[in-house]
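Q: This is the structure, below, for whatever I ask next.
The values are calculated or read from the model by the stated rules, or taken from the named source; none is laboratory data. A quick note: this is a predicted structure, and the numbers were derived from the prediction, not measured. Cβ atoms come from the backbone with ideal geometry, glycine included; neighbour counts cover every protein chain shown.
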Amino acid sequence: MELYGGASVDVDAAKAVLGSNFTVNNVYFEAGVLTFEVAEKAIKERFKRCVVELKRIGLIATARMENGVVKVRVFPYVKPPKNDVRIPIVLGIATIITVSFDGFLRSTGRIFSLVHPGYGVMDVLFNGLVFSTALLSIIFIHEMGHKLSARIDGVSASHPYFIPGFPGVIPTLGAVIFQKEPLTNRDDMFDIGISGPVAGFITAIAVAIVAFQTATWVPVEQYRSLVEAAAREGSVVDVPLIFTLIRSLYGRPDEVPFFMTVGFAAWLGMVVTALNLMPVWQLDGGRIFRSFLSRRQHVIASYIAIGVLVITGYYFMALLLILMMGRNIDIVPLDDVSPLSFWRKVSLVGLAAMLVLSFVPLNTVF
């Protein structure tokens, strides 16, 4: 047994695990850390098995390439604490309240009575309910995408923490799931990063289809007058490209769909998806891009993304991200030797398409 700051490491057990997974060339203590030099350079699957086996005996490892040599260092593993359900429940209830109230406020707009004569209280309540259900579903499924990916990769993660917003402005600031232990390799980093946006994007498409199905199709000229009326109430927004593509499927070029509030839920779901794909470490895109970029390249990509946010009108978010970037956090997997897999690199084409389809320049106020 050897001690690491009071925690013990079973050296013989560590040697047995490393020896069964690698060809070990040398074993020694470097700065007090048990270190193995291994012969293999392609270590991805071997190292992943090794980590699983080490966790069973209370250990964990990192792999780094140093001067052409792969070094695996072994440390004590501290099992993550159990998830606390109280705070997530309180925040979830608060978010349901803010989103529901926001849906009610948006459903009372005078613009709806112009399109639907006789629009009354029950319509307001129904629209508000559909809006809040749709928006909360997009956010919840987005986070469950992360949660499921983390479980598949054997990474402990917290319950989703919903963040209540400001009714009438932005009903929720989304939700977060906290990763409670390091990721094994770049594949896991990519998977956990992309899983949420993909799940949320698919759900937002489903909500958008509901919006089109429940929309009132009006002639182009009438729609223009409705847009002018909506602009006076400050409720005009640009639409993402995916909306234009969905509209083309209906084959009604002389008519335009006028959405109920569920349309705004779909719009907001697309915006959240696009923003989360930005390559800044606080966002899902931070993990995705860091999985194949160096630290320096990732920092450059982050500042480019912030510039894009400023140019396209997301001033507050750009400022918030700049302030948070001052913490200078890097995301490094346990295995910093193995590259991202080929097919995950190919799937970046799909990520780019998803970003193009969902991004909305924010040049109006809703």
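Q: Filter the range 1-24 down to the residues that are surrounded by 12 or more Cβ atoms within 10 Å (Cβ to Cβ), at pLDDT 80 or above and more than 18 Å from F47 (Cβ to Cβ) and list them by number.
A: D10, V11, listed by residue number.
Q: Hey, another quick one. Before we move on, is V90 hydrophobic (A, V, I, L, M, F, W, C), at pLDDT 85 or above and assigned to a helix (DSSP H, G or I)?
A: yes
Q: Kindly indicate the residue of the range 280-293 that is of a type outside the set (A, V, I, L, M, F, W, C) and more than 11 Å from the chain's Cα centre (by Cα) and also farthest from V346 (Cα to Cα) among those meeting that condition.
A: Ranking the candidates gives R290 first.
Q: A further question follows. Scan the range 319-342 and report the pairs whose first residue is modelled with pLDDT of 85 or more and whose second residue is among the acidic types (D, E), with Cβ atoms within less than 6 Å and a gap of 6+ or a chain change.
A: S341/D187
Q: Could you list, in sequence order, the residues of the range 140-186 that are touching a helix residue (DSSP H, G or I) at 6+ places or on another chain (Cβ under 6 Å) and of a type in the set (D, E)?
A: D153
Q: Sticking with this one: Just to be sure I understand the filter: pairs with C-beta atoms under 9 Å, separated by 6 or more residues or on different chains, first member in the range 258-270 and in a helix (DSSP H, G or I), second member of a type in the set (K, R). Which pairs pass?
A: Every condition considered, the pairs that remain are T261/R106; F264/R106.
Q: Further, regarding this structure: Which of the numbered conditions does S137 fail, given that it passes all the others? Conditions: (1) among the polar types (S, T, N, Q); (2) in contact with a helix residue (DSSP H, G or I) (Cβ under 7 Å, 6 or more places away or on another chain); (3) without any contact (Cβ under 8 Å) to a residue 40 or more places away in the chain.
A: Only one criterion is unmet by S137, namely (3).
Q: Residues of the range 243-257 being surrounded by fewer than 20 Cβ atoms within 10 Å (Cβ to Cβ) and in a helix (DSSP H, G or I), which ones?
A: T244, L245, I246, R247, S248
Q: What do you reckon, is E40 in a helix (DSSP H, G or I) and of a type in the set (D, E)?
A: Answer is no for this residue.
Q: Same structure, new question: Filter the helices (runs of 4 or more DSSP H) completely within the range 277-366 down to those with at least 3 residues that are loosely packed, with under 15 Cβ neighbours inside 10 Å.
A: 295-311, 315-325, 342-346, 348-358
Q: Answer yes if at least one residue in the range 210-221 is more than 30 Å from P253 (Cα to Cα) and crowded, with 18+ Cβ neighbours inside 10 Å, and no otherwise.
A: no
Q: Hey, among V69, V124, V78, which residue is surrounded by 16 or more Cβ atoms within 10 Å (Cβ to Cβ) and more than 23 Å from the chain's Cα centre (by Cα)?
A: Just one listed residue meets the conditions, V124.
Q: Something else now. Regarding L148, is this residue within 30 Å of V78 (Cα to Cα) and either among the basic types (K, R) or in contact with a Pro (Cβ under 7 Å, 6 or more places away or on another chain) (or both)?
A: The answer is no for L148.
Q: Something else now. Looking at the range 309-324, can you tell me whether even one residue there is among the small types (G, A, S) and within 18 Å of F201 (Cβ to Cβ)?
A: no
Q: Limited to the range 97-113, what total is found for residues that are crowded, with 16+ Cβ neighbours inside 10 Å and over 13 Å from T261 (Cα atoms)?
A: Residues meeting the conditions: 1.
Q: Here is a follow-up. Does at least one position in the range 54-63 carry a residue that is of a type in the set (S, T, Y), surrounded by fewer than 12 Cβ atoms within 10 Å (Cβ to Cβ) and not in a loop (DSSP other than H, G, I, E, B)?
A: For the range 54-63, residues of a type in the set (S, T, Y), surrounded by fewer than 12 Cβ atoms within 10 Å (Cβ to Cβ) and not in a loop (DSSP other than H, G, I, E, B): absent.
Q: Kindly indicate whether A206 is assigned by TED's automatic domain parsing to the domain that holds I111 and closer than 30 Å to K55 by Cβ.
A: Here the answer is no, as A206 does not meet what is asked.
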